[in-house]
């Protein structure tokens, strides 16, 4: 039984996710989950929907008000779609008076969330998964001033990137970001990245210093790092710079076996062609009704079988087949996440008609009874976003091309 306590906005958001997780622990059926969510106020429903978006699997999310859905999203290129999605994410977020990231209340203003959901669903229809969408939006949302206070400083992001690259390249090694060690003098040292490997029974310590500066690394920088290497008795010492090295720094590093690398961003958006198999789940109906009813004598020999593609609905200026009308209704019911079973009414303008079996009859409303969902599996060759692309290069000429998506996460 839900508590009657009055929550602040932040507490309400936390509370509904806690309640959702408790409910999920009871292993509810799909219909029970949809019934539970249908009783939530719009703002809490939106929070739960975003929670499912984040934890997967990637499915359609609810368009709160179809009137605010992005028009003709299917005509956008993939790049345009991700650009619009990044803008939509910015539109549904806001800074609270406490300086935290919050959401625009969809009960007060359903337009931003509806626009975001319709664009997200278009990406899902194309076969993009949740992480694809995140990487696709990254280059467009990176400079959003609204989020600037919630991003890591560039130097910290650089360190974390270097650590992730070494996790990928140094298989079997223990790689840590931002570790504190005590040197031989008892002084605490803050290391950007550490690497521990084993040679037989012996552990070898490697240390990495990251230099995120506009100027090339100097001989003084290298000498200071050599001192740290010696004080920690490190078997491996690596410097990674985004701006290269001065000649004196190169010579000094070679003399003391300090390995020098550069890391540069080659592109903010890289893509790779893949063959993807994915499933989309749609609402499906078991019967339809016309209002007003079609006269019984319109069906010869009382045979009610009709070829939907030959049934035409017209309002005088525009005509569509019944197949097209049902396709639109299926999409509408699916993206609105209507609880099953349910009736969906599709209303038509005054004077609309339906033509079937050689006869034309007035049509005010098409009533469709949805009862279940069906999964449609697709396989397609598609380009997927990989995020930023980087060139990781050693001063002796060894080069690695690295895509952000292919890098493992940092251990918690």
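The values are calculated or read from the model by the stated rules, or taken from the named source; none is laboratory data. The shown structure was predicted, so the numbers you read here are calculated from the model rather than taken from an experiment. Reconstructed Cβ throughout: ideal geometry from the backbone, glycine too, with neighbour counts over all protein chains shown.
A few points about this structure:
- Residue check for residue 244: under 16 Å from residue 392 (Cα atoms) and assigned by TED's automatic domain parsing to the domain that holds residue 178: yes
- Any hit, region 210-221, residues being more than 20 Å from residue 390 (Cα to Cα) and modelled with pLDDT under 95: no
- Failed item, numbered, when residue 329 is tested on (1) in a helix (DSSP H, G or I); (2) in contact with a helix residue (DSSP H, G or I) (Cβ under 9 Å, 6 or more places away or on another chain): (2)
- Hits in region 239-250 (condition: without any contact (Cβ under 8 Å) to a residue 40 or more places away in the chain and out of contact with any helix residue (DSSP H, G or I) (no Cβ under 8 Å at 6 or more places or on another chain)): 241, 243, 244, 247
- Residue satisfying all of: in region 358-403; outside any strand (DSSP E or B) and surrounded by fewer than 19 Cβ atoms within 10 Å (Cβ to Cβ); farthest from the chain's Cα centre (by Cα) among these: 358
- Test result for residue 127, within 16 Å of the chain's Cα centre (by Cα) and not assigned by TED's automatic domain parsing to the domain that holds residue 330: yes
- The single condition among (1) over 37 Å from the mean Cα position of the chain (by Cα); (2) in a helix (DSSP H, G or I); (3) touching a residue at least 24 places away in the same chain (Cβ under 8 Å) that residue 297 does not meet is (3).
- Only one of the listed residues (90, 22, 83) is more than 21 Å from the chain's Cα centre (by Cα), in a helix (DSSP H, G or I) and either at pLDDT 70 or above or in the same structural domain as residue 127 (by TED's automatic domain parsing) (or both). That residue is 22.
- If you go through region 166-222 and pick out every residue that is closer than 20 Å to residue 155 by Cα and part of a loop (DSSP other than H, G, I, E, B), you end up with 6.
- For residue 310, the stated conditions do not hold, so it cannot be described as under 30 Å from residue 373 (Cβ atoms) and loosely packed, with under 12 Cβ neighbours inside 10 Å.
- Scope region 141-160; condition modelled with pLDDT of 85 or more and assigned to a helix (DSSP H, G or I); matching residues: 154, 155, 156, 157, 158, 159, 160
Quick grid of which residues meet (1) over 30 Å from residue 233 (Cα atoms); (2) crowded, with 17+ Cβ neighbours inside 10 Å; (3) not assigned by TED's automatic domain parsing to the domain that holds residue 371:
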{"residue": "249", "(1), (2), (3)": "no, yes, yes"}
{"residue": "263", "(1), (2), (3)": "no, yes, yes"}
{"residue": "270", "(1), (2), (3)": "yes, yes, yes"}
{"residue": "299", "(1), (2), (3)": "yes, no, no"}
{"residue": "319", "(1), (2), (3)": "yes, no, no"}
{"residue": "325", "(1), (2), (3)": "yes, yes, no"}
{"residue": "333", "(1), (2), (3)": "yes, yes, no"}
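- Total residues in region 108-140, condition over 22 Å from residue 278 (Cα atoms) and touching a residue at least 60 places away in the same chain (Cβ under 8 Å): 4
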